[in-house]
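The structure appears right after this line, and notes come after that.
The values are calculated or read from the model by the stated rules, or taken from the named source; none is laboratory data. From a predicted model like this one, the values you see are computed outputs, not experimental measurements. Don't worry about glycine lacking a Cβ; one is built from the backbone with ideal geometry, like all the others, and counts go over all protein chains shown. Quick note on the areas: whole protein, heavy atoms, side chains included, nothing else; ligands and nucleic acids left out. Shrake-Rupley method; radii C 1.70, N 1.55, O 1.52, S 1.80 Å.
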Amino acid sequence: MEKGKFKGSSRADDLTGLLADFANEFEARADEIRLKQSKLDHLHELHYDGIHYKRFTKRNHVYFLAFGIFYVFFLVLGALSFMTVESPTELAIRKELRVSRNAFLTKYSIQDDDLEAFLKEVVTASERGISILRNASSSELNWSFGQALFFSSTVVTTIGYGHVTPLSETGKIFCMIYATLGIPLTLVLLSAIVDRLMVPVSSLLGFMNAKLGHLYQPFNIRLLHLLLLVIVIGLLFLVAPMFIFAYMEPSWGLLDAFYYCFISLTTIGLGDFIPGDGESVANPTVYKTLTTCYLLLGLAGVMLALSVFYQIPQLNLGQLFTEYGSGASESEKMRLSGAGAPCYSGPTGLYIPQRDEEVRRAVVRIRPRGEDSPSPEDTTPMHARDIRVP
């Protein structure tokens, strides 16, 4: 009896020692992982402090050079295309203006130099936002509250139509100061809106993965998700406003209205079509205020679509030109490429990995050898025991 009890106690001591060695080894491994994680966090902080730890391989340089050549070719192609398409129209308008000018001089017997001086004043005033045609029939000033609010929005959103500009020296100085403060504030506001909109958008992606993950590849599901988002944003901020602007601006066709929406929301802001500058608008102040709201919401929609687009690794061409420091794994690159916690999609929805700083306990299951036996005092089966290691 004593011999059996001694034998069982010896086996229990062996098992305890084995478990203690395993726990020590696991703790050492955990310390190593925590050390690597701290290094990655330090690189992450340096990256967002403006210090980019990247390496450029020979392949990156080749891709970059090829892309630069393609971009120059793209610019030249655009220049040739615009020149080919627009030159005949410009020549026709110039010919019509020359005929009209000569007819006007002949009809009213005005000296050509006098007409030239008058037209120069009119054009100069028009370039500064003062139209003689509008001012002759309307009391609405360029710097009424509605017009000024619209101008402020085009400055801080970097659309900058250029049809109305500050006339005084004080106004020019204030415009520069206002833009310096307003542009970062606008980016912060739009980023905050996009972050909140990303919650339902990411939930939709998780739902699509759960329903379609067994039928399609994740890349195809992401493309479908992006396509649906682009369609919704296009309907809300391009198609619907197109009909509204075409109705409110009788001189605009549907193409003109769509062209204005696209040029504005892409912040190109050519300024050839400006809502509310016509004589048919009943209340320009309210109209300009509503247009300002539309521009802000539309820009948020465009930023949302771009955010979803750049979250698809296969479509992010920037990865061809730069690479993070040597030895960085794909997960580390994703950590360094995003300010927030990365979000991955799977068949069951969205998976957001926890940060390593959070307090977690690992569960290690130990299956005993055949010759080991449980302690007589413990009635729990050995295969069902869990040993928790911090």
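Tabulated data for the structure shown
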read-out	value
Residues of segment 231-284: accessible area per residue with a 1.4 Å probe, Å²	54
Solvent-accessible heavy-atom area per residue, rounded to whole Å², over segment 175-221 at 1.4 Å	66
Additional length obtainable on full extension of the chain from Ser109 to Ile132, 0.36 nm per residue less Cα span	6.0 nm
Per-peptide average of other Cβ atoms within 10 Å, ordering 85-93, 205-213 highest first	205-213, 85-93
Cα centre as origin, Lys/Arg/Asp/Glu Cβ charges: segment 71-227 dipole, Debye	600
Signed unit charges on C-beta, dipole axis of segment 49-206, positive-most listed residue Phe174, His163, Val85	Val85
Loop sites in segment 69-156: trypsin sites (Lys or Arg not before Pro), DSSP, at most 16 other Cβ within 10 Å	Arg128
Estimated FRET transfer efficiency when R0 is 41 angstrom, pair Thr89-Arg34 (beta carbons, to 0.05)	0.05
Distance violations [Cα-Cα > 30 Å] among Lys107/Lys288; Lys95/Lys120; Lys36/Lys211; Lys36/Lys58	Lys107/Lys288; Lys36/Lys211
Carbon + sulfur, % of accessible area of segment 138-239 - ligands and nucleic acids excluded, 1.4 Å	76
